[in-house]
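The values are calculated or read from the model by the stated rules, or taken from the named source; none is laboratory data. Computed from a predicted model, the values in this text were never measured in an experiment. Here the Cβ positions follow ideal geometry from the backbone for every residue, glycine too, while neighbour counts run over all protein chains shown.
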Amino acid sequence: MSTEPKTSGNQVGAESAGGFSAEERAAMKARAAELKADARRGRAEDKAAADEATMMAKIAEMKEPDRQMAERLHGIVTEAAPELLPKLYYGQPGWAKAGKVVVFFRSGQDDKERYSTLGFSAQANLDDDGGMWPTSYALRELNDHSAASIAKLVATAAA
């Protein structure tokens, strides 16, 4: 006769045929999901940092006064709508939400135009009840008044 106690197969914490209890398997699955999420988050952070570095390198190549305007715009956009992430948009600075560009800057000197452009894509939340709204602005200089107006537009566009 065996001296070991009898247990039912339904006992909580009992080992399965694989050697792990249901709780242990659930914990392992949860940990695997955490590691996978951390890896995805790390890749997303790495991509965002790389996108910003690429955009800042493009801005650094611009001639004045476009370089100064683009640098200031980057500060305005990231402060007004921190959820917008920098990325190049047709080779020019852009800021995206969920991978889609919402606002962008076009260098007038790069485009051989007399002014630079601040633009908003169809992703921007600028729809007006009047059925008409601007999607781009000419920029020859960026002063405190225009910076404040841009910050309001960007915050609205990103909402």
### Members of segment 59-71 that are closer than 16 Å to L118 by Cα and either in a helix (DSSP H, G or I) or at pLDDT 95 or above (or both)
I59, D66, R67, Q68, M69, A70, E71
### Query
What number of residues within segment 99-124 satisfy the criterion of being modelled with pLDDT of 90 or more, assigned to a loop (DSSP other than H, G, I, E, B), surrounded by fewer than 20 Cβ atoms within 10 Å (Cβ to Cβ) and under 25 Å from the mean Cα position of the chain (by Cα)?
3
### Query
On the given criteria, is A157 at pLDDT 90 or above, touching a strand residue (DSSP E or B) at 6+ places or on another chain (Cβ under 8 Å), surrounded by fewer than 14 Cβ atoms within 10 Å (Cβ to Cβ) and of a type in the set (G, A, S)?
no
#### Entry: Conditions (1) in contact with a helix residue (DSSP H, G or I) (Cβ under 8 Å, 6 or more places away or on another chain); (2) modelled with pLDDT of 85 or more; (3) surrounded by fewer than 10 Cβ atoms within 10 Å (Cβ to Cβ): number failed by G13
(2)
### Query
In segment 36-57, is there at least one residue being within 18 Å of A138 (Cβ to Cβ) and in a helix (DSSP H, G or I)?
no
### Summary
Looking across segment 79-98 at residues that are small (G, A, S) and under 11 Å from D51 (Cβ atoms), the single one that is surrounded by the fewest Cβ atoms within 10 Å (Cβ to Cβ) is A96
### Query
Quick one: how many residues across segment 75-90 are touching a Lys or Arg at 6+ places or on another chain (Cβ under 7 Å) and either farther than 16 Å from A151 by Cβ or in a helix (DSSP H, G or I) (or both)?
1
### Message
Conditions first: (1) outside any helix (DSSP H, G or I); (2) without any contact (Cβ under 8 Å) to a residue 60 or more places away in the chain; (3) out of contact with any strand residue (DSSP E or B) (no Cβ under 9 Å at 6 or more places or on another chain); (4) not small (G, A, S). H145 passes all but one, so which condition is the exception?
### Response
(1)
### Query
Between residues in segment 16-38 that are modelled with pLDDT of 85 or more and residues that are in a helix (DSSP H, G or I), which pairs lie under 8 Å by C-beta distance while being six or more apart or on different chains?
F20/M28
### Message
Taking the condition of being under 20 Å from E64 (Cβ atoms) and in contact with a Leu (Cβ under 8 Å, 6 or more places away or on another chain), how many residues in segment 139-159 meet it?
### Response
4
